[in-house]
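The values are calculated or read from the model by the stated rules, or taken from the named source; none is laboratory data. Remember, predicted model here, so these are calculated numbers, not experimental data. Ideal geometry is used to build each Cβ from the backbone, glycine not excepted, and the neighbour counts take in all protein chains shown. With ligands, DNA and RNA removed, areas are computed over all heavy atoms of the protein, side chains included. Shrake-Rupley method; radii C 1.70, N 1.55, O 1.52, S 1.80 Å.
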Amino acid sequence: MAAPWEDVLQNTAAVQEAARVAVDAALLAGVLMRTEDQPNASDVVNYAPFTLLPSAVPRALFEQAYTVQQDFNLLVDAISQNKEFLEHTLASTIKVDDFTARLFRIYVQVLEEGLAQSVFLGINRSDYMFDCGVDGTPALKQIEINTIAASFGGLTSRTAAVHGQVLKVLGKSEEASHLLPNNPARGLALGIAEAWKLYGSPSAVVMFLVEEVQRNIFDQRCVENELWNRNIRVIRKRFRDVFEKGSLDAARRLYMEGKEVAVVYYREGYVPRNYDQQNWEARLLLERSRAVKCPDIATQLAGTKKVQQELSQPGTLERLLPGCPEAVARIRATFAGLYSLDMGEEGDKIAAMAIADPDRFVLKPQREGGGNNLYSEELRQVLEKIKDSPERTSYILMDKIKPQPSMNYLLRAHSPLQVSECISELGIFGVYIRHGKELVMNKAAGHLLRTKATEHADGGVAAGVAVLDTPFLV
């Protein structure tokens, strides 16, 4: 699965020149992040980390990932509407995982009160790796699906142009012409704009709910600017702003400082550290409102690891997507082995299997945002400690995917230029809108390729481990 620039990797002078061009091209194109020293200031910024060269991706697997994205959109939407499935699936998790339990309590409270929201917008990203089986044939295997705050749709919209420039400088104009156009920022904004329109109040705003620390602001600005270009007003607020200044009227319309909010786009709220008591109250206020939440809390729960594991059980997909055998087959083909650690004989057997052979598996908690999974010796130690405790039910176990590594240079500010053995992860962005019971939009909205050195087991770009990349289809 080699890309056609093995020759470049041997040529130190060419690599150094290309790296200088690449960094300037990234700054010029706006592939930017704020610095760790000043994460909330834009007067000093640097380029977001990225690969020097595009990475080879098997064309058939790339096309498979795009094809199945609409099926995953349908599936996430179906799960979000199925209270019985969510209750049953998360029953053991909410006993031991306080974060999931608190989300679930808000979900139940809002349902009991009666949903004020009638337009539902999903922006998700399904992430895959290319697993090399025993015979070395790569297969597309899903790592996870992110249903809240799926990031880098903005910066990846600008990365292909940078890689195109690098290839041209290296005398590979023909290869540069084969890089695919990719603009998730536009696709995500299109979904938000359509939901805003369906909400039906031309003077209402879109609210980006953002974190206290905003290093990745330019990624969000790419989507935001697409909305401004459509004359849709955008405001950026934090949970604490909602707590202090948010209100609902009698019709449960949401207001922020006198402005009606049509869409709340979460770029925050996916991990426990995002919440204190005030923030939980703000989340409840948002969920009770008529505003389109992206995601609503049911859709966030649909993205939990426990749901992912339950979907792999025989018959589950058929029950959630009745009458859609082709979609079920396409989804199931992407599943890696997933195992429950629920209390009981079966869970005991699975835990013992993982302790005996920890290198075969990944231990996953119910968390988003990268850097949470456990591998090898660490996996074994944690499972040894919790194997007889209900705490183990807050995790799922998954077969470890073994992709074929390749060589590349990972460009990071203030880091030496050195070649690394790397593996890549492909994400496909999906956007769907449901109005009442009718699905009015369902599409794949672009892709994200992230690459990291093989010495790092876990972690994404925001976690400082992976870097942005561009697929070169082979």
Per the filter on the stretch 91-147, residues open to solvent by 30 Å² or more (accessible area, probe 1.4 Å), in contact with a strand residue (DSSP E or B) (Cβ under 8 Å, 6 or more places away or on another chain) and polar (S, T, N, Q) are S118
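Each row is one residue, and each column tells you yes or no for (1) in contact with a Ser or Thr (Cβ under 7 Å, 6 or more places away or on another chain); (2) among the small types (G, A, S); (3) at pLDDT 95 or above; (4) not in a loop (DSSP other than H, G, I, E, B).
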site: S42; (1), (2), (3), (4): no, yes, yes, no
site: L53; (1), (2), (3), (4): no, no, yes, no
site: D71; (1), (2), (3), (4): no, no, yes, yes
site: A78; (1), (2), (3), (4): no, yes, yes, yes
site: H88; (1), (2), (3), (4): no, no, yes, yes
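Listed here are the residues, each with its yes/no results for (1) open to solvent by less than 50 Å² (accessible area, probe 1.4 Å); (2) among the aliphatic types (A, V, I, L, M).
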position	(1), (2)
E174	no, no
L180	no, yes
R186	no, no
Y199	yes, no
A204	yes, yes
M207	yes, yes
E211	yes, no
R215	no, no
Considering the stretch 162-172, residues that are open to solvent by 60 Å² or more (accessible area, probe 1.4 Å) and not in a loop (DSSP other than H, G, I, E, B), and then whichever is nearest to F120 (Cα to Cα), we arrive at Q165
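Would you pick out the residues in the stretch 113-140 that are outside any strand (DSSP E or B) and at pLDDT below 95?
G133, V134, D135, G136, T137
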If we keep only residues of the stretch 1-39 that are among the β-branched types (V, I, T) and in contact with a helix residue (DSSP H, G or I) (Cβ under 7 Å, 6 or more places away or on another chain), then the residue nearest to I217 (Cα to Cα) is V31
Exception for R236 within (1) surrounded by 23 or more Cβ atoms within 10 Å (Cβ to Cβ); (2) closer than 21 Å to E212 by Cα falls at (1)
Within the stretch 401-446, the residues that are β-branched (V, I, T) and over 24 Å from the mean Cα position of the chain (by Cα) are V419
Hey, any hits in the stretch 31-50 for a residue that's surrounded by 20 or more Cβ atoms within 10 Å (Cβ to Cβ), over 19 Å from I423 (Cβ atoms) and hydroxyl-bearing (S, T, Y)?
-> yes
Going through (1) assigned by the TED database to the domain that holds S126; (2) open to solvent by 10 Å² or more (accessible area, probe 1.4 Å) one by one, R283 fails only at (2)
Condition set in contact with a helix residue (DSSP H, G or I) (Cβ under 6 Å, 6 or more places away or on another chain) and buried (at least 18 other Cβ atoms within 10 Å of the Cβ), scope the stretch 343-360, selection farthest from K305 (Cα to Cα): answer is P358
